[in-house]
1. Among the residues of segment 190-224, which ones are in contact with a helix residue (DSSP H, G or I) (Cβ under 7 Å, 6 or more places away or on another chain), open to solvent by less than 10 Å² (accessible area, probe 1.4 Å) and not β-branched (Val, Ile, Thr)?
2. For a quick check of your reading: which strands (runs of 3 or more DSSP E) sit entirely within segment 505-585 and have at least 2 residues that are touching a residue at least 60 places away in the same chain (Cβ under 8 Å)?
3. Go through segment 10-41 and report how many residues are closer than 17 Å to Gln227 by Cβ and open to solvent by 10 Å² or more (accessible area, probe 1.4 Å).
4. What number of residues within segment 311-326 are more than 16 Å from the ligand (Cβ to nearest atom) and closer than 16 Å to Val241 by Cα?
5. Please go through segment 366-377 and give me each residue that is within 16 Å of the ligand (Cβ to nearest atom), crowded, with 22+ Cβ neighbours inside 10 Å and either more than 22 Å from the chain's Cα centre (by Cα) or not in a strand (DSSP E or B) (or both), ordered by number.
6. Residue by residue through segment 54-69, note down the ones that are of a type outside the set (D, E, K, R) and modelled with pLDDT under 90.
7. Under the condition of being buried (at least 16 other Cβ atoms within 10 Å of the Cβ) and within 25 Å of Glu359 (Cβ to Cβ), which residue from segment 248-258 is nearest to the ligand (Cβ to nearest atom)?
8. Any residue that is among the small types (Gly, Ala, Ser), part of a loop (DSSP other than H, G, I, E, B) and in contact (Cβ under 8 Å) with a residue 60 or more places away in the chain - is there at least one of those in segment 331-351?
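The values are calculated or read from the model by the stated rules, or taken from the named source; none is laboratory data. Keep in mind it's a predicted model, so treat the numbers as computed, not measured. Please note: Cβ atoms are built from the backbone with ideal geometry, for glycine as well, and neighbour counts cover all protein chains shown. Side chains are part of the model used for accessible areas, which takes the heavy atoms of the whole protein and leaves out ligands, DNA and RNA. Shrake-Rupley method; radii C 1.70, N 1.55, O 1.52, S 1.80 Å.
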Amino acid sequence: MDYKKLVDVYEALGSTTKRLKKTAIIAELLKQTNADIQKLMLLLQGRVFPTWDQRELGVADRLLIKAIAASSGATSDKVEREFAKTGDLGLAAESLLRNRRQSTLTSRSLTITKVFDNIRKVAEFQGKGTVERKLQLISELLTTATAKEAKYIVRTISGNLRVGIGSGSIRDAIVWAFFGKELELKYDDKDEAIKVRDRADFGKYLDAVQSAYDLTNDFSVVAEAAQTKGLKGLSTISLKVGIPIKVMLAQKAKDVEDGFRQVGKPAAIEYKYDGFRIQLHKSKGTISLFTRRLENVTKQFPDVVKYAKEYIKGNEYILDSEAVGYSPKTRKYLPFQMVSQRIKRKYDISKLEQELPVEVNIFDVIYYEGKNYISTPFRERRKLVEKIVKSVPLKIKPCEHIESSNEEEAKKFLAKALDSGNEGVMLKALDAPYKPGSRVGYMLKLKPSFDTLDLVVIGADWGEGKRAKYLSSFYIACVDEDGNFKEIGKVASGIKELEDSAEGATMQQMTSLLKPLFTSEKGKTITVKPKVVIEVEYGEIQKSPTYSSGYALRFPRIKTVREDRKADDATTLNEIEKLYKEQNK
Ligand code: AMP
């Protein structure tokens, strides 16, 4: 196919903002395409490599300016001036080539294949002494190109096509082009609407194209399969180790009860680590790591590569995991923000690896030793993870996981997860498949959102075992209109035994603050004068007949001691009533 046809499509796409119109334009082009559909599909998206591919063209603006100068007969200075006007080298090329002398025009026309192949060859020349070769390849294209063609060639090389097509339009266009006839699909330009024989059938085709894309992240492969082998071709597209797939995403659960309602009983419950997603691929001894956004981050994480080699059995696999940072000093998990710099960092990698180590928590397997596990129930996938991943805490391990049908047990697990510095838990249906790229109702995140209250300590319990010398859990209260303290529950989470950082409260500190305030002691429970105020995080306020305030807190957690506050500065019962009402709106 002539490159000119594609250029007409770029122009048409650039001149409308209507999504269906764009889809119709692309579909029409696809229908006319034959052998070169893969190349066309990539060029259509302004690229010569699929999104996940790390290869780069390595063409600086300076080189493009030279190429435009060489093919238009203008000086580099002139090209730069033209460039400065719009900030778009493509437009500069177009206007300068339009003015070139007639004699340089050839009668040859450019094909899709020629444009694609030349640009792709540019990527093969890397490093010193290759500039001339690159220049030659680009100039060759620009000399043969019309002014308009040159605009898009330059834009493609500089990585900014500026025609605005989303992946949704491309997906739809593949369906329209190759299944439109069967679907009796008609597009009405005036009404901006489509008609099909059967909506459900239409949905089926869209899903088939989307699924194939989620596995390959490459429309060129998908379009070719649809064109040459139809629906069957789409369904036989499989994942390939070394090529990232779109990961499965989670929906939300309001609370444990809601979670069970959605995923059924028994369910898998796992820690929700506050880290970042890593897909691990191993093929022929080589490990590759990809983020959720399909960036290849293998170079940034030599530690993870090493753990995978040492502690995961198998020659060929795709695993899904969350890497979470921890402090090398305290060995406690750190929030994502603190380790996020590791993802982008290109230098001092080994230093960063020491300063901000990560623990890899493997939670799923997608492919293993020649078998695709996408439709295998999660229960079996988890078993496989346990079999192949050695548990080496602070390096790599199968993620924390229980199976339960019991709300109380689930809540305890959630409290434990929060206590060990995680964001919450995930609830997963045990019989569900792995669905790449989808936000599915069988993987849920339960992340209590935390507000804080200032509450007064009115009593406490002594700890047990080696904590027997410390007060370890605390009865807390708000204050009513008349200055009476009304109990709202008991909190034991969030407190450490001894000082190991400037943050948070410790049992030692609480014990010495409360000891002088003792009023009575019964068994392991003491009551104290209401003087000490602590800041308590919580997930939700509930009505409760158990406590004198009439309320209780879910997931209460001690944040700090507010030595700056007095007991009558504490949160009032009125405020709590108000918060309760707002929260239930
Ligand atoms: P969110 O990013 O808030 O939508 O939460 C979902 C994310 O939690 C996933 O994309 C993972 O990166 C992360 N995550 C942490 N722990 C797990 C786990 N055990 N299973 C699945 N995802 C997890």
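1. Ala212, Phe219, Ser220, Ala223
2. On the way: elements: 518-522, 525-528, 533-538, 540-543, 551-554, 557-561.
Counting at least 2 such residues, we get 525-528, 533-538, 551-554, 557-561.
3. The qualifying residues number 8.
4. Taking segment 311-326 and keeping what is more than 16 Å from the ligand (Cβ to nearest atom), we get 311-317.
Those still in the list that are closer than 16 Å to Val241 by Cα too: 312-317.
Going through segment 311-326 one residue at a time, the tally reaches 6.
5. Across segment 366-377, there are no qualifying residues.
6. As a first pass, look at segment 54-69 and keep what is of a type outside the set (D, E, K, R): 54, 57-60, 63-65, 67-69.
Within segment 54-69, Gln54, Gly58 qualify.
7. Once the filter is applied, the top-ranked residue is Ala250.
8. yes
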